[in-house]
Amino acid sequence: MKRNSRLALAFHSLSHMAGEPERFWTSAEIAVHANTNPVVVRRTLGKLAKAGLLDAKKGHSGGWQLAKAAQNITLAHIYQALEESVIAPDEALETNDCSLESALQHKVHGVLREIEDALVARLGETSIAEIQHQPH
């Protein structure tokens, strides 16, 4: 999980929020829990708010809160909201004069696309509510 700290931060943060769904969590509180900087928290959770997974409230009593029930937020929703991908976008396929290199690129890209689809499907099978209730 440490490979991508934004994804780990998002999973961690939303799992805590699922435990207290009525509470607004400040970026500073989340940063302490995740051992990171509040700016990193705001950037990461801002993407989740934009995707409709979190509500953001400004001001003294503000912070972040789940925008919907934890059982309706899957790990896939979070992964996709952060625009994560194990492969480069289709546009990244380079045109190459070597037909062998071009065929290889397309084949590998196809395999990685299948892996990406399987990953998203698998992440979609687990909600934040399920993670929140796991024994530590």
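If you go through segment 63-89 and pick out every residue that is outside any helix (DSSP H, G or I), of a type outside the set (Val, Ile, Thr), surrounded by 14 or more Cβ atoms within 10 Å (Cβ to Cβ) and in contact (Cβ under 8 Å) with a residue 24 or more places away in the chain, you end up with 7. Within segment 24-60, the residues that satisfy the criterion of being in a loop (DSSP other than H, G, I, E, B), of a type outside the set (Gly, Ala, Ser) and surrounded by 14 or more Cβ atoms within 10 Å (Cβ to Cβ) are Phe24, Thr26, Thr36, Leu53.
Among the residues of segment 69-91, some residue qualifies, meaning at least one is at positive phi, within 11 Å of the chain's Cα centre (by Cα), at pLDDT below 95 and of a type in the set (D, E, K, R).
Condition check: touching a residue at least 12 places away in the same chain (Cβ under 8 Å), closer than 22 Å to Glu83 by Cα and of a type in the set (Lys, Arg). Does Lys47 satisfy that? Write out each step before concluding.
Working: touching a residue at least 12 places away in the same chain (Cβ under 8 Å): yes; closer than 22 Å to Glu83 by Cα: yes; of a type in the set (Lys, Arg): yes.
Yes: the conditions hold for Lys47.
The values are calculated or read from the model by the stated rules, or taken from the named source; none is laboratory data. If you're wondering where the values come from, they're calculated on a predicted model, not measured in any experiment. FYI the Cβ positions are ideal-geometry reconstructions off the backbone, even for glycines, and counts take in every protein chain you see.
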